[in-house]
Amino acid sequence: MKRVLASLVLLGMAACAPVPPAGGGSGPESPPGSSSLYRAKVHAELAAGYYSRGQYSVALNEVNIALAAEPDYAQAYNILALIRAALREDKEAETAFRRAISLQPQNPEAHNNYGLFLCQRGRMDEALGHFEQALGNPLYATPETALVNGGACTLSQGNLAKAEVYFARALRQAPNLGSALLGMAEVDFRGQRLLAARGKLRQLSNQGELSAQALWLGVRVERALGDRAAENSYGAQLRRRFPESLQTQWLIMGQYDQSGGLL
């Protein structure tokens, strides 16, 4: 079964950064007398916010201001790496990730982000090592993020048993986490546990609207179970809500062997 990598999780710090003002610009200046570290933090947070909105040039400007204020600020390098990765500047991204980790070796967000970067580029063993380093920090506030990434990474290798362990651990941390439920449903489907996959998709649906990946999985689960009405319902939602998605194109072409991926 062909596996396609597509993004499931928002990377690291950008997920919790404050959203910058809509008008753009370099944001607020540091208060008079404040430290260079304070200035670096303010501009790094602005950079993370712009990054999360896809405004990469403005984000890059903000992170450069942060590093000019505090050249050894690890979090700024973490954000710089995310921006460079989004721009497909892989060499520069990797340099920034490594700089962030060298400055703050126990930073779980940097390890998680670097792990996801490596996984998306097929460097699986290295990726899993960084996820485990993130998980080894007892102060990591969101270990479920690295666990889901580890599950998606191992699933992309076809290692169902290891992926199931990661997703199960994520669900113990956050029982209703949508990305972990979707991952476990995909594991169930590939392992021919069709009723279990159906149950998890219904649990996801009860929590809100399904993503294109979830709807496509629903199509394939119900097709395998022989429930044409349910299959058609998932397919109709997919066509209506995600007409330009890769999953919709697969549906139109009848390419039911496409897994849709998780990363």
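The values are calculated or read from the model by the stated rules, or taken from the named source; none is laboratory data. All values reported here derive from a predicted model rather than from experimental measurement. A quick note on method: Cβ atoms are made from the backbone with ideal geometry, for glycine too, and the neighbour counts reach across all protein chains shown. The area values use the complete protein model at the heavy-atom level, side chains included, leaving out ligands, DNA and RNA. Shrake-Rupley method; radii C 1.70, N 1.55, O 1.52, S 1.80 Å.
Do we find a residue being modelled with pLDDT of 95 or more, open to solvent by 20 Å² or more (accessible area, probe 1.4 Å) and under 17 Å from A214 (Cβ atoms) anywhere in region 131-144? No, region 131-144 contains no residue that is modelled with pLDDT of 95 or more, open to solvent by 20 Å² or more (accessible area, probe 1.4 Å) and under 17 Å from A214 (Cβ atoms). Scanning region 206-237 for residues that are within 19 Å of L194 (Cβ to Cβ), surrounded by 12 or more Cβ atoms within 10 Å (Cβ to Cβ) and among the hydrophobic types (A, V, I, L, M, F, W, C) turns up L210, A214, L215, W216, L217, V219, V221, A224, L225, A230. The single condition among (1) at pLDDT below 95; (2) among the hydrophobic types (A, V, I, L, M, F, W, C); (3) surrounded by 21 or more Cβ atoms within 10 Å (Cβ to Cβ) that A185 does not meet is (1). Checking Q120, Q75 one by one, the residue that is over 15 Å from the mean Cα position of the chain (by Cα), surrounded by 16 or more Cβ atoms within 10 Å (Cβ to Cβ) and closer than 26 Å to A174 by Cα is Q75 and no other.
Of the residues in region 158-169, at least one is surrounded by fewer than 23 Cβ atoms within 10 Å (Cβ to Cβ), closer than 23 Å to L246 by Cα, modelled with pLDDT under 95 and not acidic (D, E).
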